[in-house]
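Please treat every number below as a calculation from the coordinates, not as lab data. What you are looking at is a predicted structure, and each value in this text was computed from that prediction instead of being measured. Positions of Cβ are generated from backbone atoms using ideal geometry, with glycine treated the same way; all protein chains shown enter the neighbour counts.
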Amino acid sequence: MPFCQLSFRVGIRKAGLAVEVKTLGDAIRKRRIELGIRQRDAAEQIGCDLASVANWELNRTRPRITHMASVTRFLGGDPFPNCGTLAERLVSHRTAHGMTQKAFANELGIDASTLARWESEEREPTGRFVTLLTRALDAKR
């Protein structure tokens with residue numbers, strides 16, 4: 001399944017050393033430091049526990065899909081770059097908004113297996129579905 005990797009050029013400073021932000025965990029840490037808050041405060045804002053934020057920042061784990069909408073709000077926007085292919089954009093958009101394939105498919109009015117095939121590039125949407133997806137991706141930015 002295609003998935004966009006984070007690609008931030010902005011760094012964070014710790015003890016005078018620049019740190020490149022390469023992962024979602026790095027982005028969460030960078031934002032927390034910019035806000036001048038503790039991991040405990042970030043966890044409260046996101047709606048998770050302290051251990052989750054610590055593990056994300058250490059890149060041990062990634063946020064669950066159920067936390068992604070809150071993480072996106074905490075970061076101040078979509079943490080994923082604009083991806084190249086439609087499949088990558090679908091996965092990025094759905095994930096950033098904390099939606100499962102089933103939930104996003106229901107919102108679009110299509111079958112979840114159809115969305116899964118589009119996201120895996122097994123199939124490409126055609127006709128009215130291209131317009132439907134374009135509107136959906138542009139509407140929730």
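Extension gain, residue 129-residue 60: 0.36 nm per intervening residue step, less the Cα-Cα distance, totals 21.1 nm. When the square roots of the Cα gyration tensor eigenvalues are ordered a ≥ b ≥ c, the ratio a/c for region 11-75 is 1.5 or more and a/b exceeds b/c, which makes its shape prolate. Peptide packing: for 105-115, 123-133, the average count of neighbouring Cβ atoms within 10 Å per residue gives the ranking 105-115, 123-133, highest mean first.
Across region 90-100, computed HN-Hα scalar couplings (Karplus, 6.51 cos²θ - 1.76 cosθ + 1.60, θ = phi - 60°) run 4, 4, 4, 4, 4, 5, 4, 9, x, 10, 6 Hz from first to last residue, x flagging Gly and Pro.
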